[in-house]
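To start, the structure under review is shown below, and the notes come after it.
The values are calculated or read from the model by the stated rules, or taken from the named source; none is laboratory data. Everything numeric here is computed off the predicted structure, so don't read it as measured data. Cβ: placed from backbone, ideal geometry, glycine included. Neighbour counts: every protein chain shown. These accessible areas exclude ligands, DNA and RNA; they are computed on the full protein's heavy atoms, side chains included. Shrake-Rupley method; radii C 1.70, N 1.55, O 1.52, S 1.80 Å.
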Amino acid sequence: MGENNIHPSATISDSAIIEGNDITISEGVQIGDNVRICASIIWLGLGVKIKDNVKMGQDGCNEGTEIIIGDNTIINQDVRASVPTFSIGDYGIIHEKVVFYGNEECTIGHNCWIGQWSIFNTKDKLIIGNNFRFGLHSQVWTHVASGELIEGCKLYKVAPTTIGDDVWFLGGHHIVPAGITVSNRTTVFPGAMLTKD
């Protein structure tokens with residue numbers, strides 16, 4: 001452990017495991033049962049609530065990895081964020097069983113709302129702006145692959161995906177494929193699969 005700054009008002013379950021070199025846990029933070037957070041730098045803002053069984057970070061808490069959660073953000077039960085760098089701004093809500101996974105960073109702005117059972121892939125960078133609304137059972141991808149390239153499969157792409165400010169995916173069941181840019185102030189109707197910017 002390196003430098004730790006844990007506010008005395010923070011409530012941390014005895015079964016929670018928080019590992020890192022530079023840990024800041026601010027006033028009013030609540031961390032539930034069986035939570036595991038592992039990163040070189042961990043910063044939890046004022047009033048953050050992390051519910052039971054949340055897992056964030058990757059094995060080993062490697063140098064250069066970060067978990068940054070803004071003020072008054074709520075991470076609900078069974079959320080998984082297995083990415084090297086995960087940051088979310090203030091006043092966000094991530095509902096139950098949402099999964100973030102991959103090799104690159106995931107950055108989300110302020111005031112997001114992410115519905116249950118959604119998937120966010122970070123084979124490449126995933127950048128999401130402020131005031132993002134994402135319905136349940138939805139997916140965002142930064143790669144696509146099927147079969148082996150050496151055998152002639154041409155369905156392969158790895159590219160960053162960017163979603164701007166004030167974007168609202170109504171309802172749920174959306175798919176955002178690799179390399180898509182969703183511009184500011186876009187509204188996407190339920191069940192849509194985007195095919196272009």
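Within region 129-187, how many residues turn out to be among the aliphatic types (A, V, I, L, M), under 17 Å from the mean Cα position of the chain (by Cα) and closer than 14 Å to Cys112 by Cα? Steps first, please.
So the first thing to find is which residues in region 129-187 are among the aliphatic types (A, V, I, L, M), and the list is 136, 140, 144-145, 149-150, 155, 158-159, 163, 167, 170, 175-176, 178, 180, 182.
From what is left, the residues that are under 17 Å from the mean Cα position of the chain (by Cα) are 136, 140, 163, 167, 175-176, 178.
Filter again for closer than 14 Å to Cys112 by Cα, leaving 136, 163, 167.
Residues that pass the stated criteria total 3.
Looking only at region 20-31, filter to residues that are without any contact (Cβ under 8 Å) to a residue 40 or more places away in the chain and at negative phi; which one of those is surrounded by the fewest Cβ atoms within 10 Å (Cβ to Cβ)?
Going residue by residue through region 20-31, those that are without any contact (Cβ under 8 Å) to a residue 40 or more places away in the chain are 22-25, 27-31.
Then drop every residue that is not at negative phi, which leaves 22-25, 27, 29-31.
Working: Asp22: 15, Ile23: 21, Thr24: 17, Ile25: 22, Glu27: 13, Val29: 21, Gln30: 16, Ile31: 23.
Ranking the qualifying residues of region 20-31, first place goes to Glu27.
Which members of region 58-100 meet the condition of being aromatic (Phe, Trp, Tyr) and open to solvent by 10 Å² or more (accessible area, probe 1.4 Å)? Full working, then the answer.
To start, the set of residues in region 58-100 that are aromatic (Phe, Trp, Tyr) comprises 86, 91, 100.
If the condition is that a residue be aromatic (Phe, Trp, Tyr) and open to solvent by 10 Å² or more (accessible area, probe 1.4 Å), then Tyr91 is the only one that fits.
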